[in-house]
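Asks: A single structure is presented below for examination.
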């Protein structure tokens, strides 16, 4: 998401506190996993019939091939940048380094054995990398999860100073505060003309003028300096800032005034010494093409077949409670503003709509999405249906007929759409979805503005890979029951 936009240029990597030990921990983890992969390949070659290619005795080459492969593999990770502090915690570069280093090691071992006429078991060779590559990627994923959990508890934080115009500073600070897993703790801001104020409009302490970035960053013991729009007057000032900080443990990050854009839509191309950022067009048109529709049809048919027993059981529980209607039909607004009937299992009492006006008054409802924890209108079977999101299974029929998609923005109500401005109306360029970014990011725990922001991000940055990722994350959101009420 936005993380791809805050890493255009760096001067040095921060190394204060526990942050300096992350590369060491990663090195130790990789060494253990590579060693495990080598020995697992040896055992696998001896015990799996199809892996016994050739007649080479693995034991006779272990004392030479084993240590060489372990040392060479870890060295390849190091040489390709797998232990640089910048790669940890965000982005795909960390995983790419694992895969590329493994492939380079495999190529080097294969070529070396051929040139030296070293008789290495082919079964051992194949198993070693078939085991090693996914194990190394999994190890880095687990390390990243540990880093994110530590940052959520206030550890492994980068002290950040943001320099630039106030609007840009506050915007970047809001992103860094929202994405806490990045570990950026904003300690202050520098403005071109701070005046006599003590903080920005969003409450960031003002440390001084942007004309003294290096000195103030060092005094504030900052790990990272973010340069937003208006931070420096010229390329010469930028170059001098880099010179002033080249011997300090302070990273410099240039943050363009662009947010909520995926990395797939961005490319940085140096031209004449200038790193030009190219931004692709929004992808809302691609989200309604045949490939996505074909995926929706096949996926909904498979899920309807797979969940048919759950359908029957849920329908019986709803009907048995009060002998009322099994399904609830509600008018929603779909693609291009067209309305359709959205189907759900009924989870509320039969007069729920009549009670809604009184609940609006009690809760001080002022517009947007109305969600209420412990809603008195919800029936006992409806409560567990909602907790597991089983009430939404009938929407697979909506997906099949083309009213909805498996993944997309939340289908809005008419009165919600009536409150849309031009930006919000972009949500209607694609089919609404059974699941989406808002569902896997907290559902009802999110504010109205945050739900809209996530839906707009999806519309502008659609990709099939993102759809598959959201579907995978949906299982965790459903079984975790986060924000489900």
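The values are calculated or read from the model by the stated rules, or taken from the named source; none is laboratory data. This is a predicted model, so every value here is computed, not measured. As a convention, Cβ positions derive from the backbone with ideal geometry for all residues, glycine included, and neighbour counts pool all protein chains shown.
Asks: Only residues that are more than 29 Å from the chain's Cα centre (by Cα) and touching a residue at least 40 places away in the same chain (Cβ under 8 Å): list them for region 188-209, please.
Replies: Selection gives 190, 207.
Asks: Still on this structure, please answer the following. Residue 119 versus (1) assigned to a helix (DSSP H, G or I); (2) surrounded by fewer than 18 Cβ atoms within 10 Å (Cβ to Cβ): which is the lone unmet condition?
Replies: Every listed condition holds for residue 119 apart from (1).
Asks: With the structure loaded, tell me whether residue 46 is over 30 Å from residue 262 (Cβ atoms) and either surrounded by fewer than 17 Cβ atoms within 10 Å (Cβ to Cβ) or modelled with pLDDT of 80 or more (or both) or whether it fails that test.
Replies: Yes.
Asks: Please give the number of the condition residue 145 fails out of (1) surrounded by fewer than 20 Cβ atoms within 10 Å (Cβ to Cβ); (2) outside any helix (DSSP H, G or I); (3) modelled with pLDDT of 85 or more.
Replies: Checking residue 145 against (1) surrounded by fewer than 20 Cβ atoms within 10 Å (Cβ to Cβ); (2) outside any helix (DSSP H, G or I); (3) modelled with pLDDT of 85 or more, the one that fails is (2).
Asks: If a residue counts only when it is closer than 23 Å to residue 156 by Cα, which strands (runs of 3 or more DSSP E) contained entirely in region 168-283 have at least 3 such residues?
Replies: It comes to 184-191, 224-227, 251-254.
Asks: Any chance region 461-468 includes a residue that's at pLDDT 85 or above, crowded, with 18+ Cβ neighbours inside 10 Å and assigned to a helix (DSSP H, G or I)?
Replies: Yes, region 461-468 contains a residue that is at pLDDT 85 or above, crowded, with 18+ Cβ neighbours inside 10 Å and assigned to a helix (DSSP H, G or I).
Asks: May I ask you to verify whether residue 179 is over 27 Å from residue 246 (Cα atoms) and out of contact with any strand residue (DSSP E or B) (no Cβ under 7 Å at 6 or more places or on another chain)?
Replies: So residue 179 passes the test.
Asks: Another question, if that's okay. The conditions are (1) at pLDDT 80 or above; (2) farther than 19 Å from residue 168 by Cα; (3) touching a strand residue (DSSP E or B) at 6+ places or on another chain (Cβ under 9 Å), and residue 254 fails exactly one of them. Which is it?
Replies: (2)
Asks: Now for a different question. What's the total number of residues in region 285-324 that are surrounded by 12 or more Cβ atoms within 10 Å (Cβ to Cβ) and either touching a residue at least 12 places away in the same chain (Cβ under 8 Å) or under 25 Å from residue 424 (Cβ atoms) (or both)?
Replies: Number of matching residues: 23.
Asks: Could you look through region 1-43, keep only residues that are part of a helix (DSSP H, G or I) and at pLDDT below 55, and pick out the one that is nearest to residue 157 (Cα to Cα)?
Replies: Top of the filtered list is 3.
Asks: Could you tell me which residue of region 417-447 is modelled with the lowest pLDDT, considering only residues that are surrounded by fewer than 16 Cβ atoms within 10 Å (Cβ to Cβ) and part of a helix (DSSP H, G or I)?
Replies: 445
Asks: A further question on this structure: Just to be sure before I move on: is residue 350 modelled with pLDDT of 90 or more, out of contact with any strand residue (DSSP E or B) (no Cβ under 8 Å at 6 or more places or on another chain) and more than 19 Å from residue 388 (Cβ to Cβ) in the structure I sent?
Replies: Taking the combined requirement at face value, the residue does not satisfy it.
Asks: Just one of 424, 404, 434 is touching a residue at least 40 places away in the same chain (Cβ under 8 Å) and farther than 14 Å from residue 288 by Cβ; which is it?
Replies: 434
Asks: Before we move on, is residue 91 without any contact (Cβ under 8 Å) to a residue 24 or more places away in the chain, in the same structural domain as residue 40 (by TED's automatic domain parsing), surrounded by fewer than 16 Cβ atoms within 10 Å (Cβ to Cβ) and not in a helix (DSSP H, G or I)?
Replies: Here the answer is no, as residue 91 does not meet what is asked.
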